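Every number here is computed from the coordinates shown, using simple stated rules; none is lab data. Everything quoted here is computed from the prediction, not taken from an experiment. Reconstructed Cβ throughout: ideal geometry from the backbone, glycine too, with neighbour counts over all protein chains shown.
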Ligand SMILES: Cc1cc2nc3c(=O)[nH]c(=O)nc-3n(C[C@H](O)[C@H](O)[C@H](O)COP(=O)(O)OP(=O)(O)OC[C@H]3O[C@@H](n4cnc5c(N)ncnc54)[C@H](O)[C@@H]3O)c2cc1C
């Protein structure tokens, strides 16, 4: 298995490897990529009795899907106000419902396939790092009214009794959100695809394709595959095979670290098994893993891959700033991964031409949205729904290449500065 060294690769339970594709082969639907978008699509098609073949360049779960924070929560990378502004309030509401469906899908799969190794734990607490007055209370009411979705409001004392940080003011608890070991989840999904007759090939990078006729053809270094439909689900690792996709996304790196085992010390700061995220536009997120023994902490983005060890120092500074009691907690390991971002920050899900599908650009909010992507693309191929068209307003716009990357980094720094300024004003007693 060719995985980067992460907490997940160290604790993965199924270590099966899969051979590369060889010779000339044929299937109903060929899926390029071996992340959650690809495997969820494969799962839904295999469940419907279609013969699917998945081609993964390295090892399944090598990309973002096997190394992320593990938070499964409603929503998208794009902020809800931006989605509303672009498609209108009704379509935005329908999309948000879809994002909740994605969370339910992951939970149901874990239940149906009894994926105990995914170690699902319920609960996500979103925290404010400045005094937001009754902003969170209002949000709880709006969410219940608009989506029938219940959130619990946590006032400062209640919040600080479980998250022992003076930096936090109010919190929201989502009891339906949960967190998982994403690599174990993904590998169990792959296993189910194979049980249903699907084939998965590793070390099978697609290097060329001919998509012109009714029979599409994909080529790897040593083999070729024909299919009626092809799905591209290559996320932040998308290469030059399909130029339209390559031009339509920015690869953005982000970082995670995991601590040494120190359960008593960690419990002095984080006295909950809930996952936690702060509401800064460029915020941090964390959760206890390994039955409370370790703390997994993620955050920061860069548009150029930086050494994880360097970024881990920044994350540590952030962690100790939030929880001074964790100053002695050693970082054991840090890693990075690439996310795929479109200009509009929404997923790119759709059909490029008859029989050619794309399912990508899930950004930093991919665990629920890859589930939606897989479901919708499968429904489109099976002809049972055209719900994939809900993403038609979010097309494959050019991201601007190197200039687009530089602009993304500048935007991130601007957001960081705004977050800092807002907290500083709050520290001076100015409520926003
Ligand atoms: C560090 C980190 C933390 C994150 N935390 C969270 C979180 O807590 N919650 C959340 O919802 N989201 C999170 N995300 C985002 C989420 O992980 C991604 O949005 C999601 O996993 C993307 O899935 P994917 O299948 O589109 O892409 P990937 O999982 O990246 O899969 C793409 C695959 O395609 C393969 N590939 C590429 N080109 C080819 C080719 N030519 N031929 C064959 N194979 C190819 C790659 O090898 C790769 O395995 C995080 C992301 C990162 C990086």
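Structure values in brief
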{"quantity": "Highest-first arrangement of 119-128, 178-187, where packing means the average Cβ count within 10 Å", "calculated": "178-187, 119-128"}
{"quantity": "Peptides 284-295, 340-351 ordered by average Cβ neighbours within 10 Å, highest first", "calculated": "340-351, 284-295"}
{"quantity": "Principal axis dimensions, largest first and in whole angstrom, of segment 109-252 by Cα", "calculated": "62, 37, 31"}
{"quantity": "Degrees between helix 135-147 axis and first principal axis of the chain (Cα, 0 to 90, nearest 10)", "calculated": "30 degrees"}
{"quantity": "Packing-based ranking, highest mean first, of 298-306, 66-74 given that Cβ atoms within 10 Å are counted", "calculated": "66-74, 298-306"}
{"quantity": "Between helix 308-322 and the chain: long-axis angle, C-alpha atoms, 0 to 90°, nearest 10", "calculated": "30 degrees"}
{"quantity": "On Cα atoms only, tilt of 89-112 relative to the major axis of the chain in degrees", "calculated": "80 degrees"}
{"quantity": "Additional length obtainable on full extension of the chain from residue 244 to residue 191, 0.36 nm per residue less Cα span", "calculated": "15.9 nm"}
{"quantity": "Footprinting exposure proxy for 339, 390 (fewest neighbouring C-beta atoms within 10 Å first)", "calculated": "390, 339"}
{"quantity": "Separation of the residue 304 and residue 268 label points, Cα + 7 Å toward Cβ, nm", "calculated": "4.0 nm"}
{"quantity": "Relative counts (whole %) of C-alpha pair distances in segment 236-284, using bins that are 10 Å wide", "calculated": "17, 30, 24, 17, 11, 1"}
{"quantity": "Debye log10 I(q)/I(0) at q = 0.06, 0.08, 0.09, 0.12 Å⁻¹ for the chain, Cα point scatterers", "calculated": "-0.24, -0.43, -0.55, -0.99"}
{"quantity": "Net length gained if the chain between residue 134 and residue 221 were fully extended (0.36 nm per residue, minus Cα distance)", "calculated": "25.4 nm"}
{"quantity": "Bridge type composition, the chain - antiparallel percent by DSSP, nearest 5", "calculated": "65 percent"}
{"quantity": "Theoretical FRET efficiency, 1/(1+(r/R0)^6), r = Cβ-Cβ of residue 332 and residue 386, R0 51 Å, to 0.05", "calculated": "0.60"}
{"quantity": "Inter-site label distance for residue 290 and residue 152 at 7 Å from Cα along Cβ, in nm", "calculated": "2.8 nm"}
